[in-house]
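Novice: Quick one: the structure is below, and I'll ask about it shortly.
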Amino acid sequence: MTRPLDRGLAAAVQRVTSTTLGPYQSAIVRIGFSLTWLLFLLREFPHRRELYGPDGPWGWDMAQQLIAENHAFTALMWSDTALWFEAVYAVAVLSSLLLLLGWRTRTMSVVFMVGVLSLQNRSIFMGDGGDNVIHLMAIYLVFTRCGRVWSADARRARRRTEPDRSQDRWGPVLWTVLGLLLLVGTLTHRVGGEWWMALLLWGLWVSQGVWWAVNRHAPDSEHRTLLDVLANLAHNAALVVIMAEVCLIYATAGWYKIQGSRWQDGSALYYPLKLDYFTPWPALSDLLANSGLVVMVLTYGTVLVQVAFPFTLFNRKVKNVLLVAMMLEHAGIALLLGLPFFSLAMIAADAVFLPTSFLRRLGGWVTGARDRVLRRAVRIPEQRATPEEQATRTLVG
């Protein structure tokens, strides 16, 4: 009995170390969270200074006192000038866009994390549950190989040939510029109050340099194989953490709801539907709130789905049904309660459990739609030939 067990354990270890598990799931999580954060930053662009900048009610002195106590990392506290704030905000927008496109995903995931932490830790009272999820996922994404599919990196890797390996110019430039910025921040004691942030950024910077050097000078060596194994281990571990985080969010939310009397009597959904702040469509909210049966079904259904979801991971069919139910629930929250970015963040987190077959079909549909749009865009209308041209074609042809 030990031999089959040993063979099974060896096969599992081999798979975990030699394979990047869930490449489509990590890609959809990358796309979902970068898109959510990008849309949020663009929507709040006119109000950016009031939310996170020098014109906000949470002033520089108050933020400095709080950060001195909680030791949170934010690059916005490096300088109180408006120019520095605009630069950090612009980098946050740009990194979100580039991570969405999958351009230099390793580097952009780190810059994306820095942008998220810098803005959210600057004004912690501006966030909600969706911001907390983005905060956590931005850290987890750094350790994933989320650009293996559906990215500019994957497209470049498919087109790359052996002589092209020495033509990578953007990689060394980005590595050098970010290293200089990190060095300046470290020497001026501005990289995070906690030592772990500086250690994390330096470790990522050094590992990226080692990765480039090995790919450049010894692409087929044992060192390259070892780096692949370490990268796969980090990716797979981060993917498991993301899944566990999603399950923890739903489990704690569901069990806390069970303890509330309004959730127990089935009337909890009634109250937010009657708040002006959460009713972008008052007529629709009143229509639902006036139906006691609908309110009760939605209230109990929400609790049931959240509590049951972590236990359905062992049954694929039931899990997929509840996954669709949770995504529809968040879509309803976005529509009825006016919380689009919270809903987008949760849908992006839920997407880590989507089946690979569905994601492949989804990618095929998107690619087909993109190709049809591009063909229509570049199609040149055929011009009617002149009589002289028609006569020439007849003689020639």
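Novice: Report the extension gain between residue 225 and residue 372 in nm, rounded to one decimal, defined as 0.36 nm multiplied by the number of residues separating them, less their alpha carbon distance.
Specialist: 48.9 nm
Novice: Along the charge dipole of segment 1-107, pointing to its positive end and built from +1/-1 on Cβ of Lys, Arg, Asp and Glu, which listed residue (39, 90, 107) has its Cα farthest out?
Specialist: 107
Novice: Something else about it: Under a 1.4 angstrom probe, counting protein chains only, how are 216, 48, 169, 122 ranked by accessible area, largest first?
Specialist: On the way: 216 95, 48 40, 169 170, 122 10 Å².
Largest to smallest exposure gives the sequence 169, 216, 48, 122.
Novice: For the chain, give the percent of accessible area contributed by carbon and sulfur heavy atoms, probe 1.4 Å, rounded to a whole number.
Specialist: Looking at the chain in its full context, I get 66 percent from C and S.
Novice: Still on this structure: For the chain, what is the relative contact order in percent, using Cα pairs closer than 8 Å and at least 6 residues apart in sequence?
Specialist: RCO, the chain: 21 percent.
Novice: Over segment 180-251, give the accessible area per residue in Å² for a 1.4 Å probe, as an integer.
Specialist: 59 Å²
Novice: So what is the relative contact order for segment 1-144, in percent, with contacts set as C-alpha pairs under 8 Å and at least six apart?
Specialist: 26 percent
Novice: Stretched out fully, how many nm does the piece from residue 21 to residue 327 gain, at 0.36 nm a residue minus the Cα gap?
Specialist: 107.8 nm
The values are calculated or read from the model by the stated rules, or taken from the named source; none is laboratory data. These numbers were taken from a predicted model, which means no experiment stands behind them. Backbone-built Cβ (ideal geometry, glycine too); neighbour counts: all protein chains shown. The accessibility values were calculated without ligands, DNA or RNA, using every heavy atom of the protein model including side chains. Shrake-Rupley method; radii C 1.70, N 1.55, O 1.52, S 1.80 Å.
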